[in-house]
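The values are calculated or read from the model by the stated rules, or taken from the named source; none is laboratory data. In this text, all values refer to a predicted model and were calculated from it rather than measured experimentally. Because the Cβ atoms are built from the backbone with ideal geometry, glycine has one as well, and the counts that use them run over all protein chains shown.
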Amino acid sequence: MTKLDSKIPAGNISEKWTNHKFNMKLVNPANKRKFDIIVVGTGLAGASAAASLGELGYNVKSFTFHDSARRAHSIAAQGGINASKNYQNDGDSTFRLFYDTVKGGDFRAREANVHRLAEVSTNIIDQCVAQGVPFARDYGGLLDNRSFGGAQVSRTFYARGQTGQQLLLGAVSALNRQVDKGSVKLYLRREMLDIVVIDGAAKGIVVRNLLTGEIEKYSAHAVVLATGGYSNVFFLSTNAMNCNATAIWRAHKRGAYFANPCFTQIHPTCLPLHGDAQSKLTLMSESLRNDGRVWVSKKKGDMRNPTDIPEDERDYYLERKYPSFGNLAPRDISSRAAKEVCDEGRGVKGGDAVYLDFSDAINRLGQKVIEERYGNLFEIYETITGENPYKSPMMIYPAPHYTMGGLWVDYNLMSNVPGLFVLGEANFSDHGANRLGASALMQGLADGYFVIPYTMGNYLAGDKPALVKTDHPEFDKVANEVKDLTDKLLSIKGKRTVDDIHKELGRIMWHKVGMARNEKGLKEAIEEIRRLKTEFWKNVTIPGSGDDVNQTLERAGRLIDYFELGELMAVDALERNESCGGHFRTEYQFEDGEAKRDDANYSYVSAWEFAGENKWNLHKEDLNFEYVKPAIRSYK
Amino acid sequence: MEAKKLNLTLNIWRQKSAGSVGSFAEYKVQVSPDASFLEMLDEINNTLEAKGEEAIHFESDCREGICGTCGLVINGQPHGPLPKIATCQLHMRNFKDGETIWVEPFRAKAFPVIKDLMVDRSGFDKILQAGGYVSVNTGGTPDGNMIPIPKDIASLAMDAAACIGCGACVAACKNASAMLFVSAKVSQYALLPQGQPERYIRVEKMVKVMDELGFGSCTNTYACEAECPKGISVTNIARMNRDFMMAKIKNKEVEV
Ligand SMILES: Cc1cc2nc3c(=O)[nH]c(=O)nc-3n(C[C@H](O)[C@H](O)[C@H](O)COP(=O)(O)OP(=O)(O)OC[C@H]3O[C@@H](n4cnc5c(N)ncnc54)[C@H](O)[C@@H]3O)c2cc1C
Ligand code: SF4
Ligand code: FES
């Protein structure tokens, strides 16, 4: 059994990273080109890593299933990116960003990693500006900031409502420059389906060429996974359609530990479902809750139109339950409250939606002010729903949005499998049980631009890993297993479609492993997931062949991993007998409904080792809080 | 909450592979007006798959109009009948009950069809790789506030940078010109101080690759701007042409 060593450097928190950078081994510039590095994923984390490693002189192979590096899911991030620049002179600092992130994560993140993240945050902004990222500016020509939840300072940098797009295009431009120079080779439309581990270390990957169906093998001295999060296990989420867990899951099955799988974030302000055909959910900015009032009818199954429901028959439940925070209660609390009233049958016309009403604000401030504040959001709403939110209230509902859990990594962002590094949303490292807004973009770029270039050198110079060629028998063995799996999927020829089964899995996950969980539901979920998985292997239909573009086959391959990951999420949630951040166990709450964290017994990272079908061993990494004292979150 | 369904006839382009001959196939559907156009295609695919037939291949990812992956020609118009949206943002309530809809892939010599409605737009990346960047390495960059940038200039640069790389401009153009796409990137950097050092070399390198890849020339019909989901302005093309002329002079001066 591998021992979990987080490799946190000694010393004061503010000196750990500086000292570690000095102590790490270096690769001589002339030797760098002798090292091959595989980077899977071209989102913020992957593109920034591949570009930076290429600039240093390594031989980088960069993979994505998209047709272009620029399409990665990071492109869709809207709100912004945090950095403790303190340009607003409002008291921000490295320590404050560190503090806010540890507290926001409900004391389930590793202090040393979070502090490093806060330290390098300022460099990210400088880097992006130098690349020509058109951040918003004020009239003096300096960078503008906005505020975001979980912080009392204004530290969020943004580029209109397209921050993720602009940061990604910046990182991809750096990547493209290295492609032009020949230090990075891009492999597009390739889906990584397995990693190759030889003598305990990661030596390469096996991918499917999505155009030809060919199974291809690639070797390297080290492998970096920057493949994003797994919210699509719920079928419906705010993530892009093709986001999936296959890369990290297959790595998990080859030995990499999966940390805190049950820590998922449900965003309160998304557009509700319109019907069974719904393919994904759209996020609406949280800022709407500044002026909108959330309510439902007091009656069950009230079929009246909202404007026909009189004031005294409405329940402004957030204002009622949380008088001081009201409509601005934090993400997890607002999300849970919405689900509760809908489960009682009091959602919009008995369905899964609540009203977000601007009529009071419009009466108070005038339509013009509301238009200035939220005009573009109202337009988006109208494009999608066909309804005018100035006239009748918006309808919203919570949706899965981000996954804090991911592959376990040490301080160097290396998994327990030597040579396998994990960056961005794919790892578990910095957000604990809950991520603050505008911190995912920061983490992805911190990992890629400013952490991996150092820690990769240390691994290559320190461990001196050998390069194994792809004609090694282990590569053939893994490639054959991948081919067999494809053939097996295509041979089932049953009746139910991939999406139909995925939707059913999504419903199980949403109702029993979603934003409120309990022992009974979790145990049922495990049984139901297993049953569904068995049904899939007997009764799924995947038309088309394996030697050609086959999108149905691609989706099926991703779904088989979701069954197993979904089960592990339930197993993890069941093991964690406490409520913290995005993990809410209904058995563990205070009388007023607040989450009851149990620091005495659960102040650890759960790192799960795959031990065969439906079996996992738990390893615990204890968390020590030396600099931020754990306290109860309260929003009354 | 579901509204009355629409009955539609769809004629969708089916093509097995790049080399094979394609044709339209007819599908009758009933769809909720609240569904998006792509969700309607998902539903058709679900029905086809249940019958053991191959799905209609089309691409999409974000379904929010930002990744640029989707892109269909609907009733002859790239991204369909509404202005300033991508295909994924089009909803069925914009169609009438009983309507017949034609669905095709983007068509351009530089965008060969891969399968059904999927095309290969990798030419765009080749152009960007030729010079669509500022040559700075990671680290060692000056403070973000070192060089003030006037708000209106930053805003113009952002207007240009908003391009999602979807290729509708090429599909809309009778010459299959990529000028709108290329000029958007060239303009973003030409407007910002960070882009100045390589301004004239960049435009020459990018235009050279654009020409080599078989994109057509621009004859100022502005069909591109009309179909662009992000409203990228043709003034970017004028700016790029200016810079291209300047580049000829400047880069010669350097050579001499
Ligand atoms: C709607 C929305 C809005 C958001 N807004 C914000 C915000 O304002 N601020 C913020 O900080 N965060 C925001 N987030 C979160 C943030 O966008 C993501 O967490 C972050 O972008 C993830 O980046 P990444 O590089 O880790 O992964 P991704 O961007 O998801 O990239 C993953 C990459 O891996 C590739 N890949 C995956 N699997 C494979 C495989 N098997 N084979 C080959 N390639 C593979 C993909 O092709 C892709 O290139 C938002 C998220 C959503 C959904
Ligand atoms: S210029 Fe417009 S139409 Fe052309 S690729 Fe960019 S966003 Fe698409
Ligand atoms: S799917 Fe991303 S723009 Fe349409």
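Are any residues in the range A:380-419 of a type outside the set (Phe, Trp, Tyr) and in a strand (DSSP E or B), and if so, which ones?
Those that are of a type outside the set (Phe, Trp, Tyr) and in a strand (DSSP E or B): A:394, A:395, A:396, A:398, A:399, A:400, A:401, A:403, A:406, A:407, A:414.
Evaluate the range A:615-624: report whether one residue or more is out of contact with any Phe, Trp or Tyr (no Cβ under 9 Å at 6 or more places or on another chain) and without any contact (Cβ under 8 Å) to a residue 60 or more places away in the chain.
Taking every residue of the range A:615-624 in turn, at least one turns out to be out of contact with any Phe, Trp or Tyr (no Cβ under 9 Å at 6 or more places or on another chain) and without any contact (Cβ under 8 Å) to a residue 60 or more places away in the chain.
Please determine, by comparing only the residues of the range B:63-90 that are buried (at least 22 other Cβ atoms within 10 Å of the Cβ) and outside any loop (DSSP other than H, G, I, E, B), which one is nearest to the other protein chains (Cβ to nearest Cβ).
Selected residue: B:89.
Would you mind stating whether residue A:301 is surrounded by fewer than 19 Cβ atoms within 10 Å (Cβ to Cβ), part of a loop (DSSP other than H, G, I, E, B), without any contact (Cβ under 8 Å) to a residue 12 or more places away in the chain and of a type in the set (Gly, Ala, Ser)?
No; evaluated as a whole, the condition is false for this residue.
Residue check, residue B:126 against (1) more than 7 Å from chain A (Cβ to nearest Cβ); (2) of a type in the set (Lys, Arg); (3) under 28 Å from residue B:75 (Cα atoms), all met but one. Which one?
Of everything listed in (1) more than 7 Å from chain A (Cβ to nearest Cβ); (2) of a type in the set (Lys, Arg); (3) under 28 Å from residue B:75 (Cα atoms), residue B:126 misses just condition (3).
In the range A:583-618, which residues are of a type outside the set (S, T, N, Q) and under 18 Å from residue A:249 (Cβ atoms)?
Within the range A:583-618, A:607, A:608, A:609, A:610, A:611, A:612, A:613, A:615, A:616, A:618 qualify.
Does the range B:22-37 contain any residue that is in contact (Cβ under 8 Å) with a residue 60 or more places away in the chain, in a loop (DSSP other than H, G, I, E, B), under 21 Å from residue A:276 (Cβ atoms) and more than 7 Å from chain A (Cβ to nearest Cβ)?
yes
Take the range B:163-177 and flag every residue that is in a loop (DSSP other than H, G, I, E, B), away from chain A (no Cβ under 14 Å) and crowded, with 24+ Cβ neighbours inside 10 Å.
B:173 - this is the single residue of the range B:163-177 that is in a loop (DSSP other than H, G, I, E, B), away from chain A (no Cβ under 14 Å) and crowded, with 24+ Cβ neighbours inside 10 Å.
Filter the range B:85-117 for residues that are under 14 Å from the mean Cα position of the chain (by Cα) and either within 30 Å of residue B:201 (Cα to Cα) or away from ligand 1 (no atom under 16 Å from the Cβ) (or both) and give the result.
Hits for the range B:85-117 are B:85, B:87, B:105, B:106, B:107, B:108, B:110, B:111.
Provide a single number: the residues in the range B:144-169 that are acidic (Asp, Glu) and either in contact with a His (Cβ under 8 Å, 6 or more places away or on another chain) or under 18 Å from residue B:196 (Cβ atoms) (or both).
Residues that pass the stated criteria total 1.
Which members of the range B:37-80 meet the condition of being among the small types (Gly, Ala, Ser) and within 16 Å of ligand 1 (Cβ to nearest atom)?
Passing the criteria: B:60, B:65, B:68.
Is it true that residue A:233 is more than 16 Å from ligand 2 (Cβ to nearest atom) and more than 14 Å from chain B (Cβ to nearest Cβ)?
yes
When you look at residue B:207, is it modelled with pLDDT of 95 or more, assigned to a helix (DSSP H, G or I), more than 16 Å from ligand 3 (Cβ to nearest atom) and not assigned by TED's automatic domain parsing to the domain that holds residue B:87, yes or no?
Yes; evaluated as a whole, the condition is true for this residue.
Return the only residue of B:140, B:68, B:131 being under 30 Å from residue A:452 (Cβ atoms) and in contact with a Lys or Arg (Cβ under 6 Å, 6 or more places away or on another chain).
Matching residue, one of B:140, B:68, B:131: B:131.
Condition check ((1) of a type in the set (Asp, Glu); (2) closer than 28 Å to residue B:90 by Cβ; (3) crowded, with 24+ Cβ neighbours inside 10 Å) across all residues:
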| position | (1), (2), (3) |
| --- | --- |
| A:369 | no, no, no |
| A:373 | no, yes, no |
| A:382 | yes, yes, no |
| A:385 | no, yes, no |
| A:409 | no, no, yes |
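If you check every pair at least six apart or on different chains, which have Cβ atoms under 6 Å apart with a residue in the range B:176-201 that is within 16 Å of ligand 3 (Cβ to nearest atom) first and a residue that is not in a helix (DSSP H, G or I) second?
Pairs that qualify, where the first residue is within 16 Å of ligand 3 (Cβ to nearest atom) and the partner is not in a helix (DSSP H, G or I), are B:184/B:163; B:184/B:232.
Condition first: modelled with pLDDT under 95, touching a strand residue (DSSP E or B) at 6+ places or on another chain (Cβ under 8 Å) and aliphatic (A, V, I, L, M). Now tell me which residues in the range A:137-163 satisfy that.
Once the filter is applied, which keeps residues that are modelled with pLDDT under 95, touching a strand residue (DSSP E or B) at 6+ places or on another chain (Cβ under 8 Å) and aliphatic (A, V, I, L, M), the range A:137-163 yields only A:151.
Out of the residues in the range A:87-112 meeting the condition of being within 14 Å of another protein chain (Cβ to nearest Cβ) and free of Cβ contacts under 8 Å to residues at least 60 places away in the same chain, tell me which one is nearest to ligand 3 (Cβ to nearest atom).
Checked the range A:87-112; the qualifying residue nearest to ligand 3 (Cβ to nearest atom) is A:87.
Of all residues in the range B:199-234, how many are within 18 Å of residue A:177 (Cβ to Cβ) and surrounded by fewer than 16 Cβ atoms within 10 Å (Cβ to Cβ)?
Summing the residues that are within 18 Å of residue A:177 (Cβ to Cβ) and surrounded by fewer than 16 Cβ atoms within 10 Å (Cβ to Cβ) in the range B:199-234 gives 2.
Out of the residues in the range B:39-62 that are at the interface with chain A (Cβ under 7 Å from one of its Cβ atoms) and assigned to a helix (DSSP H, G or I), which is farthest from residue A:500 (Cα to Cα)?
Residue satisfying both the conditions and the ranking: B:39.
Look through the range A:548-561, keep the residues that are within 11 Å of chain B (Cβ to nearest Cβ) and not hydroxyl-bearing (Ser, Thr, Tyr), and return whichever of them is farthest from residue A:236 (Cα to Cα).
A:548
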